[in-house]
Structure formats: structure tokens, C-alpha cells
Amino acid sequence: AQKVTQAQTEISVVEKEDVTLDCVYETRDTTYYLFWYKQPPSGELVFLIRRNSFDEQNEISGRYSWNFQKSTSSFNFTITASQVVDSAVYFCALSLFSGNTPLVFGKGTRLSVIA
Amino acid sequence: DVKVTQSSRYLVKRTGEKVFLECVQDMDHENMFWYRQDPGLGLRLIYFSYDVKMKEKGDIPEGYSVSREKKERFSLILESASTNQTSMYLCASSPYSFKANNQPQHFGDGTRLSIL
């Protein structure tokens, strides 16, 4: 069975601080995908990134960066110079490689960025 | 853009009622999913379907059923609504396989259901 753990339930930072959201996953499969979604107060889930298990390259997209380490089964998400608009619940998720498998979500981390 | 449409954004029903939540997607996706989101519990899978008339139980199917008569539509049914089914319900769809530049599951805006 797969499991995703987001140990940080809530994080509060002051605007312009950097913040890292942790994600640890468990799976016995060697091929899988990892994801991050953002859920702003309006409620919709916004897809941020997908990473497959063969690709451990870190990725940067603007102020967002992701650190994937298979050795520690972690897929952490860093926001640099946080802004108030980054306030949201962030979910890490995992799915197996085959087409018909659902996502397994972590419980989410609520990020509050204070002006 | 993929569009996943849930029939209601907010819904209030009474205990014991039969409740239907509808979800429609416009991208010919094979897979459709129903999740339930509760504070501190994240998203939990209720049911999913990978083809018309096919369904698979997720982690918390008790008290729910689903129907997929057409590829684009996936309905979640609360047979006899109870107060512990008050929650946010999210529908999602995805294609059969992830292609190189494909996106994962696409989500609707959610239905916030209150059972009184």
C-alpha cells in the first residue's frame, strides 16, 4: 500500500521568508509519480508539479522549487520569498505508474503568509 | 483546457435523504474519481471508475454508491444521508495513461455538502 505523510499541519511565515513543506512517501513499487497540488481559500485544487520516480532532478519554477530524494523517500517543496498569495493548503500525492491508479494524498499543510 | 464540472457548489440536505452529486468532464477521460475532503484528513478516495459501468471501491466507500452510465458523467450517491457525511466532495478525471507532457488528475471545484 502507498502512504504519503505531511508532518507539518500548519505553518505560518512572514512575507518574504523562505518556507519548505515536507513530504515523505511510502511505496514498495519502483515506478511511481509524485505530485504537489495547491488549494487556495477558493477551494479548487491547482496542479503544481509531477515528478516520476526515474527522475531525481530537482526542479525550479520561479519562486517554487522541489527536492526529490529517493534515498529518503522525500519530495519537499520550497517557496522562496513567500507572498500573501501563497497562503493555501498544499497537498503532496503519489500514484503508481499504471494508468488506472488513483492518487494517494497526504493530509495537507496549511501555509499562512502574513504581510 | 480540461473542464470538470460538479453540479452544485453548495448543497444542504436532510438526514435520511437520497443525495446525488453529479460530475461531468469534457475531455473524454477514461478515469473518474470521487474524493471526500475533511479538515486534518486530507483527500480520501471514495470510489473510482476506469470505464463506463465499471467501478472500484476506494478507501471509504461505506454509505456511498456510484454510477457511470456514460463516459463523461460520474455520479456519487448517498443512499441515506447521515450527518457524518457532511463534507467537501471533489470529483476528478484523468486519461488512461500519463503521457510525456500529460497532466495528472483534473479536479472540479468541489461540492460542499451539509447534512442536517
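Read the figures in this text as sums done on the coordinates, not as results from a lab. Remember, it's a predicted structure, so these values are computed and weren't measured experimentally. Using ideal geometry, Cβ is built from the backbone for each residue, glycine included, and neighbour counts are taken over all protein chains shown.
Given +1 on the Cβ of Lys and Arg, -1 on the Cβ of Asp and Glu, and no further charges, what dipole in debye does the stretch A:9-114 carry about its Cα centre, rounded to the nearest 20?
So the magnitude is around 180 debye.
In the stretch B:1-86, if the dipole is taken from +1 on Lys/Arg beta carbons and -1 on Asp/Glu beta carbons about the Cα centre, which of B:Val19, B:Ser67, B:Trp34 is farthest to the positive end?
B:Val19
How do A:Asp22, B:Asp51 line up, fewest other C-beta atoms within 10 Å first?
B:Asp51, A:Asp22
Can you put B:Arg68, A:Arg110 in order of Cβ neighbours within 10 angstrom, beginning with the fewest? Don't jump to the answer; show the numbers that get you there.
Working: B:Arg68 20, A:Arg110 16.
Going from least to most buried by this count: A:Arg110, B:Arg68.
Compute the distance in nm between two label points, each set 7 Å from the Cα along the Cα-to-Cβ direction, one at B:Glu69 and one at A:Ser61.
Each label point is offset 7 Å from its Cα along the Cβ direction, giving 3.8 nm.
For the protein assembly as shown, how many pairs of lysine residues have a Cα-Cα distance under 15 Å, where the two are 8 or more positions apart or belong to different chains?
The number of close lysine pairs in the protein assembly as shown is 8.
Contact order normalised by length for chain B, with contacts defined as Cα pairs under 8 Å and 6 or more residues apart; what percent is it?
36 percent
Using θ = phi - 60° and the Karplus curve 6.51 cos²θ - 1.76 cosθ + 1.60, what whole-Hz ³J(HN,Hα) does each residue of the stretch A:16-28 get, with Gly and Pro shown as x?
With coefficients 6.51, -1.76 and 1.60, one gets 5, 6, 8, 9, 10, 9, 8, 9, 10, 10, 10, 7, 8 Hz.
Would you mind calculating the gained length between A:Thr78 and A:Lys16 on full extension (0.36 nm times residue separation, minus the Cα-Cα distance), in nm to one decimal?
Here the answer is 21.1 nm.
Once phi is turned into ³J(HN,Hα) by the Karplus curve 6.51 cos²θ - 1.76 cosθ + 1.60 with θ = phi - 60°, what whole-Hz value does each residue of the stretch B:39-45 show in order, with x for glycine and proline?
x, x, 10, x, 9, 10, 7
Arranged by the count of other C-beta atoms within 10 angstrom, fewest first, what order do A:Trp36, B:Trp34 take?
A:Trp36, B:Trp34
Please state the charge dipole magnitude for the protein assembly as shown, taken about the Cα centre, from unit charges on C-beta atoms (+1 on K and R, -1 on D and E), reported in debye and rounded to the nearest 20.
480 debye
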